[in-house]
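Reviewing the structure listed below.
The values are calculated or read from the model by the stated rules, or taken from the named source; none is laboratory data. On a predicted model such as this, the values are computed, not experimentally measured, just so you know. Glycine gets a Cβ as well: all are built from the backbone with ideal geometry, and neighbour counts include every protein chain shown. Areas reflect the complete protein model, heavy atoms only, side chains present, ligands, DNA and RNA absent. Shrake-Rupley method; radii C 1.70, N 1.55, O 1.52, S 1.80 Å.
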Amino acid sequence: MNIVIDGENIFAATGGCAFDPKKQTVVFVHGSGLDHRTWALQSRWFAFHGYSVFAPDFPGHSLSEGEPLKSIESMGKWLVKAIKHSGAESVHLVGHSQGFLVALEAATLLGEKLMSLTAVASATAIPVNESLVETAKKNTGDAAEMLLKWGFGSQSHSGSSAVPGMQPIGIGRQIMSQNPLAEDLSACNEYKNGINCAKSIKVPSSVIVATEDKNTPYKFGLELAELLGAETTTISGAGHMLPIESPKSTLDAIKSFILKTNE
């Protein structure tokens, strides 16, 4: 699905089904340096089970044109604009890592359209090591290598994968190396408004955490859940890159929560 925002062509995956704005729409928000492929399994399930899916590549990422946005706040405003352009009438927001920070900002602006909010491997703030940011400014590929070695749990480093013949670290490296990772990491590092946004959330919320997450450690995910009054799901033996590292477990947690909000 392609839409035009501020004169720029923007791509959003729809999970393999035609987008219907009258259906409840699950909006999947990717993390730093990533794109819609983060949500391949999750978006497909929802698209084929009665929901519309909207998983955009942010400006300057993969299949979307434009310059990368410089702050989480501007990304949140852009996401709301993108949702408006899609025509979606009711929205479940799901964000991974940086994508959840963006979802937090967007949630405060969506009003009655927002039905639920889900955090995947995230927190109210995501400080980034300065050496990683500097490396990303010099060589995106080197920074992607550093981030992914740190970001995956032990099982992925041993070569295990939920997708036969495909190694998630390799997939992540391929995507991140071509995207504006430095800008995304800097935006995360500078973001300070997460707690204020979280305190304002009134819709049902869910937090999915991983026991081997080194980027947004487990305890910070639990603190986020407490602040939101959220349902919490723990995925054992996985790291920060949950949507592509443990796609089935992540899908199960997201769909269980969203289906429950409709009961």
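Against the conditions (1) within 26 Å of Ser52 (Cβ to Cβ); (2) part of a helix (DSSP H, G or I), Lys219 satisfies every one except (1).
Conditions (1) closer than 21 Å to Gly170 by Cβ; (2) at pLDDT below 95, marked per residue:
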| position | (1), (2) |
| --- | --- |
| Val209 | no, no |
| Thr216 | no, yes |
| Leu228 | no, no |
| Thr232 | no, no |
| His240 | yes, yes |
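Condition test on Ile208, is it without any contact (Cβ under 8 Å) to a residue 40 or more places away in the chain and under 17 Å from the mean Cα position of the chain (by Cα)? It is false that Ile208 is without any contact (Cβ under 8 Å) to a residue 40 or more places away in the chain and under 17 Å from the mean Cα position of the chain (by Cα). State whether one or more residues within segment 187-202 are under 24 Å from Ala40 (Cβ atoms) and outside any helix (DSSP H, G or I). There is no residue in segment 187-202 that is under 24 Å from Ala40 (Cβ atoms) and outside any helix (DSSP H, G or I).
Every residue, every condition in (1) open to solvent by 10 Å² or more (accessible area, probe 1.4 Å); (2) among the polar types (S, T, N, Q); (3) modelled with pLDDT of 95 or more, yes or no:
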residue	(1), (2), (3)
Leu93	no, no, yes
His96	no, no, yes
Ala103	no, no, yes
Gly111	yes, no, no
Thr140	yes, yes, no
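Only one entry of Ala18, Ala40 meets the criterion of being at pLDDT 95 or above and either surrounded by fewer than 20 Cβ atoms within 10 Å (Cβ to Cβ) or among the β-branched types (Val, Ile, Thr) (or both), and that entry is Ala18. Screening segment 47-95 for residues that are touching a Ser or Thr at 6+ places or on another chain (Cβ under 9 Å), among the polar types (S, T, N, Q) and not in a loop (DSSP other than H, G, I, E, B) and picking the one that is farthest from Gly16 (Cα to Cα) gives Ser86.
Out of the residues in segment 73-85 meeting the condition of being in contact (Cβ under 8 Å) with a residue 24 or more places away in the chain and open to solvent by 10 Å² or more (accessible area, probe 1.4 Å), tell me which one is nearest to Asn262 (Cα to Cα). Looking at the filtered set, the residue picked out is Val80. Examine segment 143-156 for a residue that is over 30 Å from Lys219 (Cβ atoms) and either touching a Leu at 6+ places or on another chain (Cβ under 9 Å) or at pLDDT 95 or above (or both), and state whether such a residue exists. No, segment 143-156 contains no residue that is over 30 Å from Lys219 (Cβ atoms) and either touching a Leu at 6+ places or on another chain (Cβ under 9 Å) or at pLDDT 95 or above (or both). Taken over segment 1-60, residues that are within 18 Å of Gln178 (Cα to Cα) and among the acidic types (Asp, Glu) amount to 2. Scanning segment 96-147 for residues that are touching a strand residue (DSSP E or B) at 6+ places or on another chain (Cβ under 8 Å) and in a loop (DSSP other than H, G, I, E, B) yields Ser97, Ala121, Ser122.
Being in a helix (DSSP H, G or I) and in contact (Cβ under 8 Å) with a residue 40 or more places away in the chain is the filter here, so list the residues in segment 226-240 that pass it.
Taking segment 226-240 as the starting set, the residues that turn out to be in a helix (DSSP H, G or I) are 226-228.
Listed by number, the residues that qualify are Leu227, Leu228.
Taken as a whole, the condition of being open to solvent by less than 60 Å² (accessible area, probe 1.4 Å), among the hydroxyl-bearing types (Ser, Thr, Tyr), farther than 20 Å from Val128 by Cβ and in contact (Cβ under 8 Å) with a residue 12 or more places away in the chain does not apply to Ser186. So the check is Cβ under 6 Å with 6+ separation or different chains; which pairs have a first residue in segment 241-263 that's without any contact (Cβ under 8 Å) to a residue 40 or more places away in the chain and part of a helix (DSSP H, G or I) and a second one that's among the β-branched types (Val, Ile, Thr) and open to solvent by 10 Å² or more (accessible area, probe 1.4 Å)? Hits for this filter: Ser249/Ile235. Only a single criterion out of (1) open to solvent by less than 60 Å² (accessible area, probe 1.4 Å); (2) touching a residue at least 40 places away in the same chain (Cβ under 8 Å); (3) closer than 30 Å to Glu134 by Cα is not satisfied by Gly170, namely (2).
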